[in-house]
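Okay, structure first, notes after.
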Amino acid sequence: MFQLKSIHREGIPRALEKVERYRLLNEPVEAESICRDILNADPDNQEALVLLILSLTDQFQGGISGQDPLTLIHGIKDKYKKEYYRGIILERKAKAALYRNTPGSNHDVFEWLEEAMTAFDIAGQISPSGNDDAILRWNACVRTIQRHNLTPRPQEEPGHMNISLE
């Protein structure tokens, strides 16, 4: 029916500015669309890739289940950024689940935050000098766990099945 039009490579800097603007306006679907247009014109554009990941995670709070941003991480070339944004994805996924508050989600939230902290720990070990972003995110995860009294999923005893007859 309709064909998408391609943007010009010269228009990419202006398009990136629009992505930032739409994210600030809390219109992540618009930001996502522009990121996809940029990546169609320049598939290796690292800034557009990161902004696409962030635009997708901006949609977590609304319960939108489009493309999983974790599938895009492999495209990030810088090891620090790859781990840092993997942590961001997991942290945002956890916080969205926390605020939806579905039964049993508190253990999922704990596990996602724990995974995010692992990613932030790896990123922190290889972060550029003077960049404490990974530490700041690690601390935010710890505070979320503490504030909401999140705990690991209870472990079942080996060979013991919890069966209720009620």
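The set of residues in the range 61-79 being assigned to a helix (DSSP H, G or I) and free of Cβ contacts under 8 Å to residues at least 12 places away in the same chain consists of G62, T71, H74.
Tally up the residues in the range 101-124 that are of a type in the set (V, I, T), open to solvent by 30 Å² or more (accessible area, probe 1.4 Å) and either touching a His at 6+ places or on another chain (Cβ under 6 Å) or part of a helix (DSSP H, G or I) (or both), please. Result for the range 101-124: 2. As a summary of the residue check, L25 satisfies the conditions (1) free of Cβ contacts under 8 Å to residues at least 40 places away in the same chain; (2) hydrophobic (A, V, I, L, M, F, W, C); (3) under 19 Å from C141 (Cα atoms) except for the one numbered (3). Checking each residue in the range 2-37 for being open to solvent by 100 Å² or more (accessible area, probe 1.4 Å) and not in a loop (DSSP other than H, G, I, E, B) picks out R9, E10, R14, E17, R21, L24. Of all residues assigned to the range 80-100, none qualifies as being modelled with pLDDT under 95 and part of a loop (DSSP other than H, G, I, E, B).
Total residues in the range 42-60 satisfying the condition of being part of a helix (DSSP H, G or I) and over 16 Å from Y22 (Cβ atoms): the figure is 3.
In the range 101-110 there is at least one residue matching the filter, namely being at negative phi and at pLDDT 95 or above. The set of residues in the range 61-94 that are of a type in the set (S, T, Y) and within 25 Å of V142 (Cα to Cα) comprises Y80, Y84, Y85. Within the bounds of the range 129-150, is there any residue that is within 25 Å of L39 (Cβ to Cβ) and touching a Leu at 6+ places or on another chain (Cβ under 9 Å)? Checked against the condition, which is being within 25 Å of L39 (Cβ to Cβ) and touching a Leu at 6+ places or on another chain (Cβ under 9 Å), the range 129-150 yields no hits at all.
The values are calculated or read from the model by the stated rules, or taken from the named source; none is laboratory data. This structure is a prediction, so every number in the text was calculated from the model and none was measured. Neighbour counts run over all protein chains shown; Cβ positions are idealised from the backbone, glycine included. Accessible surface areas use protein heavy atoms only, side chains included; no ligands, DNA or RNA. Shrake-Rupley method; radii C 1.70, N 1.55, O 1.52, S 1.80 Å.
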